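S.K.: I'd like to ask you about the structure that follows.
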Amino acid sequence: MSFYVTTPIYYVNAAPHLGHAYTTIAADVMARHHRQRGEEVFFLTGTDEHGEPVADAAHALGIPPQELADRNAERFKALAPQLGATNDFFIRTTDPQHEAVVQDVLSRVRENGFVYEGTYEGWYCPRCADFKADSEIDAGNRCPIHHIELTREQEDNYFFRLSAFQERLERLYVEREDFVAPRTRYNEALSFIRSGLRDVPLTRHKLTWGVPVPWDAEHVFYVWFDALLNYYSALSYAPAPSSVPAGEDLTSRLWPASYHLIAKDILRFHAVYWPALLMAAEIELPEHIFVHGYLLMEGEKMSKSLGNVLDPFAVIERFGADALRFYLLRDVPFGQDGSVSTSAFELRYESELANELGNLASRTIGMLMRYREGAVSGGELDPMLEKDFSGLRESVCSHIDRAELTLALDEIWQRVRRLNRYVEEQAPWRLAKEPGRGEDLDRVLRTLAEALRAVTVLLWPYLPTSAEKLLAALGAPDLSLEGAELGAGRIARAETIDSLFPKDLQAAGS
Ligand code: MSP
């Protein structure tokens with residue numbers, strides 16, 4: 001089995017913000033989960049470096065676009081490990097190997113008869129790098145996303161014959177209802193297709209910052225076609241991840257992509273242009289596109305250009321990457337828009353990470369130390385708890401298979417809460433005082449330790465650093481998903497650990 005997940009490649013016109021971190025974190029959760037299943041996993045992220053968004057920003061700063069790209073690509077590259085993201089490769093669209101694949105694939109599209117010369121006239125948003133139909137613009141000819149005034153473009157271009165794929169795309173959506181999720185986004189893409197597809201520019205004449213068109217030196221490729229092809233080109237030159245035997249061809253092993261994660265701002269490019277382009281080039285289509293919502297601050301989509309940015313680096317510095325990962329996937333249902341704020345963040349941190357999971361871990365280990373010097377006895381587990389945990393692993397897997405990352409986390413969290421209730425119900429401190437209840441105490445403690453271990457294995461994709469610490473303290477570092485089932489005898493001895501989620505955040509390292 002292979003699993004290939006991607007994030008959008010981010011524009012290097014400015015520094016990364018929390019919105020970018022969000023998609024990268026989500027993709028990482030999926031990648032880690034599939035690695036736990038023992039699959040061959042490839043997780044790709046990177047930067048989109050051509051086109052007006054970057055050329056204009058560089059111009060404004062008075063520096064060459066490549067210099068701006070180099071500077072900001074480094075910041076995006078550095079963000080991934082700070083988030084705990086385990087991407088297997090970081091692609092930059094200025095990589096010469098990527099550019100060669102773009103030229104090769106798009107020449108094939110032309111040879112297949114889907115490219116012709118024409119003149120484009122219409123509205124254009126240089127921030128979106130998007131040609132906007134009249135029906136898609138706000139009053140005053142403004143971009144509905146960036147609120148800037150659109151430019152009126154007239155340009156001789158080569159066009160991509162998108163209209164030729166009208167029927168095939170409609171059929172694709174009918175035959176593969178899970179091609180785009182959630183359902184609202186599927187409907188949106190399908191109705192866009194059904195409203196009638198118009199051909200789109202494939203090249204730009206006015207711009208020089210792009211991949212040169214091999215058959216006409218005066219043109220560069222339109223940035224979106226260059227950018228979309230990153231998902232395919234990366235496999236032709238990325239080093240093999242450790243799960244794939246060295247020397248194997250990654251494209252034949254991993255293509256088509258399992259999941260493209262995106263936000264709804266770039267739905268049309270991914271859900272319409274991208275499959276049409278692949279059809280035109282005779283390349284297999286990806287399996288799923290999952291469209292998450294926007295992180296909102298004060299009701300507006302967070303974005304660099306709007307200036308309402310919450311700095312992920314600052315958040316991580318204060319709370320740690322695990323807390324950020326948890327908060328974003330817990331508080332904002334994955335697939336829907338959601339507001340984020342420092343106060344909501346602190347509330348989740350304190351009430352759930354510190355008070356629920358942190359306390360469960362310290363109570364469980366604390367009681368094992370106090371009553372049994374850390375030793376976990378062998379024997380049966382409490383059948384009542386076994387019942388409450390049965391089916392958990394399957395249910396988490398099936399949610400993650402559908403990119404329902406918040407629902408999966410919720411299933412897991414219900415068991416964290418169940419375990420805290422179990423502690424209250426069983427009151428091990430009382431059993432410890434009652435003569436003749438030693439065996440009962442042993443059973444409660446080993447059930448707690450074992451269930452905590454299983455839940456922690458499932459939490460690992462969301463909270464990798466804390467989960468690894470906790471599993472190490474339980475003397476059971478195995479992360480494979482098989483270990484997410486309750487089983488007796490997996491833990492022999494526990495050791496004390498420092499608080500996983502200290503409440504005194506000053507002490508946590510700010
Ligand atoms: N370069 C294009 C994508 C090309 S993919 C072939 C681009 N770049 S971007 O820098 O603008 O990044 C957009 C993506 O960043 C969104 O689709 C989403 O994944 C993420 N997000 C940016 N802001 C976000 C929010 N406020 N909320 C949620 N996701 C956000 O578009």
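The values are calculated or read from the model by the stated rules, or taken from the named source; none is laboratory data. It should be emphasised that the depicted structure is a prediction, and the values quoted were computed from it without experimental measurement. Because the Cβ atoms are built from the backbone with ideal geometry, glycine has one as well, and the counts that use them run over all protein chains shown. We work out accessible area using only protein heavy atoms, side chains counted, and drop any ligands, DNA or RNA first. Shrake-Rupley method; radii C 1.70, N 1.55, O 1.52, S 1.80 Å.
S.K.: Among Leu505, Leu448, Leu470, Leu459, which is modelled with pLDDT under 95 and open to solvent by less than 50 Å² (accessible area, probe 1.4 Å)?
M.R.: Leu505
S.K.: Also: Within segment 363-371, is there a residue that is modelled with pLDDT of 95 or more, under 19 Å from Ala476 (Cα atoms) and of a type in the set (Gly, Ala, Ser)?
M.R.: Yes, there is a match, as at least one residue in segment 363-371 is modelled with pLDDT of 95 or more, under 19 Å from Ala476 (Cα atoms) and of a type in the set (Gly, Ala, Ser).
S.K.: So the check is Cβ under 8 Å with 6+ separation or different chains; which pairs have a first residue in segment 113-135 that's in contact (Cβ under 8 Å) with a residue 12 or more places away in the chain and away from the ligand (no atom under 15 Å from the Cβ) and a second one that's open to solvent by 40 Å² or more (accessible area, probe 1.4 Å) and aliphatic (A, V, I, L, M)?
M.R.: Matching pairs, first to second residue: Phe114/Ala164.
S.K.: Same structure again: On the phi > 0 side of the Ramachandran plot, in the same structural domain as Val455 (by TED's automatic domain parsing) and open to solvent by less than 10 Å² (accessible area, probe 1.4 Å): does that describe Gly374?
M.R.: yes
S.K.: Those residues that are touching a His at 6+ places or on another chain (Cβ under 8 Å) and under 14 Å from Ile25 (Cβ atoms), I need them from segment 314-348; list them, please.
M.R.: Phe334
S.K.: Now for a different question. Of the conditions (1) away from the ligand (no atom under 13 Å from the Cβ); (2) more than 15 Å from the chain's Cα centre (by Cα), Phe90 clears all except one; give me its number.
M.R.: (2)
S.K.: Quick one: is Phe131 at pLDDT 90 or above and buried (at least 18 other Cβ atoms within 10 Å of the Cβ)?
M.R.: Here the answer is no, as Phe131 does not meet what is asked.
S.K.: Within segment 169-278, considering only helices (runs of 4 or more DSSP H) that don't extend past its boundaries, which have at least 2 residues that are out of contact with any strand residue (DSSP E or B) (no Cβ under 6 Å at 6 or more places or on another chain) and of a type outside the set (A, V, I, L, M, F, W, C)?
M.R.: Correct list: 183-194, 230-237, 250-254.
S.K.: Say we look at segment 1-50 and pick out the residues that are part of a strand (DSSP E or B) and charged (D, E, K, R); which of these is farthest from the ligand (Cβ to nearest atom)?
M.R.: For segment 1-50, the residue satisfying everything is Glu40.
S.K.: Something else: Within the set of pairs 6+ apart or on separate chains, which have a first residue in segment 262-279 that is on the phi > 0 side of the Ramachandran plot, a second that is outside any helix (DSSP H, G or I) and open to solvent by 10 Å² or more (accessible area, probe 1.4 Å), and C-beta atoms under 7 Å apart?
M.R.: No pair meets every condition.
S.K.: For the subset of segment 22-73 comprising residues that are farther than 30 Å from Asp249 by Cα and of a type in the set (A, V, I, L, M), which member is most open to solvent (accessible area, probe 1.4 Å)?
M.R.: Selected residue: Leu61.
S.K.: Given the criteria closer than 19 Å to Asp410 by Cβ, free of Cβ contacts under 8 Å to residues at least 24 places away in the same chain and of a type in the set (D, E, K, R), does Asp331 qualify?
M.R.: Judged against the criteria, Asp331 is a match.
S.K.: Please find, within segment 289-334, the residue that is modelled with the highest pLDDT out of those that are among the aliphatic types (A, V, I, L, M) and surrounded by fewer than 18 Cβ atoms within 10 Å (Cβ to Cβ).
M.R.: Filtering first and then ranking leaves Leu296.
S.K.: Hey, another quick one. I need every pair where a residue in segment 227-243 that is assigned by TED's automatic domain parsing to the domain that holds Arg92 and open to solvent by less than 50 Å² (accessible area, probe 1.4 Å) has its Cβ under 6 Å from the Cβ of a residue that is of a type in the set (Gly, Ala, Ser) and more than 16 Å from the ligand (Cβ to nearest atom), sequence separation at least 6 or different chains.
M.R.: Ala240/Ala246
S.K.: Which of the residues that make up segment 244-271 are modelled with pLDDT of 95 or more and either outside the structural domain of Thr23 (by TED's automatic domain parsing) or away from the ligand (no atom under 13 Å from the Cβ) (or both)?
M.R.: Leu250, Thr251, Ser252, Arg253, Leu254, Trp255, Pro256, Ser258
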